[in-house]
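These notes concern the structure reproduced below.
Laboratory data are not the source of any read-out in this text; all were calculated from the coordinates shown. Small disclaimer: the values here were computed from a predicted structure and weren't measured. Cβ placement follows ideal geometry from the backbone for every residue including glycine, while neighbour counts extend to all protein chains displayed.
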Amino acid sequence: MPQYGAITHQIDAAQLVLYTFFIFFLGLIFYLRREDKREGYPLNAERGGRVLVQGFPWIPKPKAFRLHDGRTVLRPRPEDFAGEALPNAVGTAGFVASALEPVGGNPMASGVGPAAYAQRADVPDTVWEGDPKIVPLRVDARYSIATEDDDPRGYPVIGRDGVVAGTISDVWIDRNESQIRYLEVALAPELGGGHVLAPRTLVDIQGGRRRVQAWTLLGAQLADVPKTKNPDLVTLFEEDRIMAYYGSGNLFSTPERRDPWL
């Protein structure tokens, strides 16, 4: 009886196609697994010293990527292999990977636990045309607050302890999505003055009481919110730090919040 596609008595064309597919698929998995290690690796382990953890497969060599704004970045970054400073914290137990407890200074600015932030690019996010995406209303007169919404400008900013930290001086909008991203707070003189940003999602605009409530922070703690280098721009890195500061207030704003309920 004739055998169609037979190469030998043990191998035929269908088997070769199947084996070729298996080899291709395994190679694809290997390639994709290496490529997804261009961000976030190597891991840092404290085992009597700094140990680079790569896992399998190993991290690929740095590759240059050209961004839409003309910048060129390397991934993985050479500094990832040089290592970054470990957070100012100590382990809560005597074993590797135990929970970290921030030490010294303001825990909300420690970069530990809920205050952790990513080392994002220190440049503003942009719209398709290349202009900054998040700007205060004073920069772009094409945008305004709808008449049926509360305009928080001029409202006092209250911490969760009832202390007045300052007043809202402007509103920062997202040009892509036409919504409020940040409220700009002019700090009270007793807090050192200056301006800081408050994420719209982490404060409450109380139009009926004509005030803005920062539920995660005490009033005085707004003075230490990370500031922007440019009064009219916020970079991706600065956004991460600001969000981490406010978000970590749920745990770090007062000592009793750091203790378990049970």
Have a look at Tyr245, Tyr117, Tyr41 and tell me which one the Gaussian network model of the chain (Cα, springs below 10 Å) gives the largest fluctuation. Tyr41
If you compute percent of Cα pairs over 27 Å apart for the structure shown, which of [x] 42; [y] 36; [z] 56 do you land on? [z]
Three-way shape label, region 134-250, alpha-carbon gyration tensor, a/c 1.5: oblate
Using alpha-carbon coordinates, inclination of helix 13-35 to the longest axis of the chain, degrees: 30 degrees
Ranked Trp215, Trp128, criterion: other C-beta atoms within 10 Å, fewest first: Trp128, Trp215
Set of lysines with alpha-carbon distance to Lys37 below 28 Å, sequence-local pairs under 8 removed: Lys61, Lys63
Rounded to the nearest 500 deg cm²/dmol, what is the calculated helix-only ellipticity per residue at 222 nm for the chain, with -39500 (n - 2.57) per DSSP H run of length n ≥ 4? -5500 deg cm²/dmol
Quick one: helix 236-252 against the long Cα principal axis of the chain, what's the angle to the nearest 10°, folded into 0 to 90? 70 degrees
